[in-house]
Structures are given as structure tokens and as C-alpha cells.
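Student: I have a structure I would like to understand better, so I am pasting it below and will then ask my questions one at a time.
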Amino acid sequence: MPDRAYLHPIDPELAPGARNAIDVCLRLKPKERITIITDAVTRGIAAALQREVERVGSDYSLFVLEHHARRPLKFMPEIILDDLALSQVSIFAAQTQPGELVARTEMTTVVNRHRIRHGHMVNINRQIMLEGMRADFCAVDELSQRLVARARQVDRITCKTPSGTEFEAELSPKLKWLKTSGIITRHKWGNLPGGEIFTAPMNTNGVFVVDGVVGDYLCERFGDLQSAPLTIEVENNRIRSLRSDNKDLRDEFRAYTSTDENSNRVGEFAIGTNIACTHVIGNILQDEKIPGVHIAFGHPYAEHTGANWASKTHIDCVGRDFDIWFNGEQVMRNGKFLL
């Protein structure tokens, strides 16, 4: 059975971000049904979301993962997948653990099949609820739409940073650009907080200095990388070399990107557009939305981008203070849009 009861009082500071999620991002209606999936650590945030759902008056189910399966998840529990298939809207608000990407992919497969408006709040925390989730998502969406319209017209994007990034992406009209601005539709689920445009690049080359954060469970372990960046040399869309003074970071990143034959392949090239995110906080969910470039190795979201390859892994890499050019025309200087 779903888990319905509140376990503790709701933090009132979480209410504005939770209401933004339910009213603005997901546009939940009283006659719709929503499934909320959370875990023990994130139960307080889920309770704030639950309260907003009850205000709207929608039918809902809420599941705490630990009540239905052992962590780390080897699969998404069937009871959750079955419930999800009955809903028009869903939220996943929980923390990552190593090896759980397959379970989350099982969940998003159901989301894609049933075209559910899904908010993906992986590793959400209180700070993000007070910052990125309080964004004006209508303004973020307007900026994202203008930027993605420009991006779809170019075949080359280059970027540089003061820390040494010199990176170029070659783009193909056969590979789609997606906008995940926080305004979520049934055509594409999105992270919350939202605020990015992305594609699967045809090819990439150059040096990408990760002086922000890396993704998945490595983010929690290593946090803000400004004092010991990870420098990645990419040749023909594959990792050629890794350097960092933090040897544990270097080695764990190398192991992660060696999981399968495409784990070291650039599967995502993205530009953050959430103007409420102004500084690195050490959490990939928010930090990848900071205006600037981030790339990811592994899974290219082929079901949306049209890429013809796959991977079991996906790890994002975020830098700082970007200059960006679309076909030689500068669109960002020192992390600020020039549009």
C-alpha cells in the first residue's frame, strides 16, 4: 500500500518551492492523479509536496522507497511502477545511491510510455528548495525558448572558461535539442528545478575543466571541485585523458566512465538557463542549471534526442564562468547571457 501519513511537522520554508513545483511546473489539476516517490532522507520535502497536492485536491499515492525495497535499488518496485502507470503527473524526490540508475530508468520508461508530466528531483535538499525551486519558471522558460531556437540553427558551439576549458561541440539537425525549463509537459519529463537546453552532440573535442561539480553519487562525495578540478581531455567524443590533484576523484570518475562501452562517450551537451541559480552549491541537481555549459558522459537520452546508441550510465560535469559562441557569435560572457 502507498505511504500516506506525515512523519513530522512540515517546514514552512519549503512551501514556496513546493507550491512552485505543483502549480507552475507540473500544473496539477484537481481531477488529475499524481504519484510521489521519495525516500526516508527526503521525506520532509515530500511532505511539503504532499501538502500542496492536498491543497489542489488531487488524488495521489506516496511511496517511501525503503518501505518497498532494499537500498541501493536493483529495480524499481512493481507496486510503484503499477501505481505510476495510473497517474497523469509524478514526482521522484529522493537521494541517489550507487547502482540505482537502472531502477530510475525503469521508472522513466513508464513515464515516457504513458506520457506522464514527471518532475525528477534527484538529490533535492532544503537549500535547493529555497533557491532554485523558487525561480520564476515562466521567465526561465522564455529565456530557454529563445536560446534553444538559436541553438537549433547552428552547427558548432564553442566555449571557454578562465580555468582552462576550450571545448567545441559539432551538432547535427538529426539530433534534437530539448528544452527542460521547469515547465513540464507530457512530451518530456524534466528535472526540478529546471532550467537547461540540451542535445546529444554529433561530436566534441577539446579540454573541459570541471571546476563546479560532477554528477550522480560522486557529487555527494566530492562536492564543489573549485579547489581541485577534474580536467577532461575529449577527442572524437570520447575521454582521452583525466587529470586531477584529487586522485580519488580521478580514479572514481575513470571507473564510472568505464562501466560499459559508451560510458566514456559524450552523450549530452547542455546550457543552463535557471537565472535564479547564481553560485555552485555542490549539488548537481541545481548546479547544472547555472547559466553556462555542462556536458555528460554516457546515456544520450536517445528516446528524446534521436541518438542511435545507449549506455547504462550518465554523469554530468559542470564548469564555471563560461564564454559561449554559436557559430562564432558570442551569446555568453563570463556566465552572463548576451541575448
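Student: What does the convex hull of the Cα atoms come to per residue for the stretch 16-114, in Å³?
Tutor: Given the Cα convex hull of the stretch 16-114, per-residue volume reads 91 Å³.
Student: Taking N as the number of residues in the stretch 106-168, what value does Rg over Cα atoms divided by 2.2 N^0.38 Å take?
Tutor: The stretch 106-168 yields a ratio of 1.58.
Student: Quote the FRET efficiency, to the nearest 0.05, computed for Trp325 versus His279 with a Förster distance R0 of 25 Å and r equal to the Cβ-Cβ distance.
Tutor: Computed FRET efficiency for Trp325 and His279: 0.55.
Student: Multiply the residue separation of Lys176 and Asp251 by 0.36 nm, subtract the distance between their alpha-carbon atoms, and state the gained length in nm to one decimal.
Tutor: 23.7 nm
Student: Enter the angle in degrees (range 0 to 90, nearest 10) between the Cα long axis of helix 43-56 and the first principal axis of the Cα atoms of the chain, meaning the one along which they spread out most.
Tutor: Value to nearest ten degrees: 60.
Student: Here's another thing I want to ask about it. Can you give the Rg and Dmax of the chain based on its C-alpha atoms, in angstrom?
Tutor: Cα radius of gyration and Dmax of the chain are 19.0, 56 Å respectively.
Student: On to the next question. Rounded if a/c is under 1.5, else prolate if a/b is larger than b/c, else oblate: which is the stretch 203-245, with a ≥ b ≥ c the root eigenvalues of its Cα gyration tensor?
Tutor: Taking the square roots of the gyration eigenvalues as a ≥ b ≥ c, the stretch 203-245 is prolate.
Student: What is the magnitude of the charge dipole of the chain about its Cα centre, with +1 placed on the Cβ of each Lys and Arg, -1 on the Cβ of each Asp and Glu, and no other charges, expressed in debye to the nearest 20?
Tutor: My answer is approximately 760 debye.
Student: What does the accessible area of Lys336 come to, in Å² to the nearest 10, when a probe of 1.4 Å is used?
Tutor: 140
Student: Please report the spacing between the Cα centers of the stretch 156-192 and the stretch 1-65 in Å, no decimals.
Tutor: The distance from the Cα centre of the stretch 156-192 to that of the stretch 1-65 comes to 30 Å.
Student: Right, another one. List the residues of the stretch 81-125 whose backbone N lies under 12 Å from a point placed 7 Å from the Cα of Glu66 along the Cα-to-Cβ direction.
Tutor: Residues 95 fall inside that zone.
Student: Separate question: Please report the projected area of the stretch 274-339's Cα convex hull averaged over all directions, in nm².
Tutor: 5.6
Student: May I pose another question? In whole percent, how big is the carbon plus sulfur part of the accessible area of the stretch 210-252, probe 1.4 Å, protein atoms only?
Tutor: Solvent-exposed carbon and sulfur of the stretch 210-252 make up 34 percent of the total.
The values are calculated or read from the model by the stated rules, or taken from the named source; none is laboratory data. Remember, it's a predicted structure, so these values are computed and weren't measured experimentally. Note: ideal-geometry Cβ built from the backbone for every residue, glycine included; neighbour counts use all protein chains shown. What goes into the accessible areas is simple: the full protein's heavy atoms, side chains included, and nothing from ligands, DNA or RNA. Shrake-Rupley method; radii C 1.70, N 1.55, O 1.52, S 1.80 Å.
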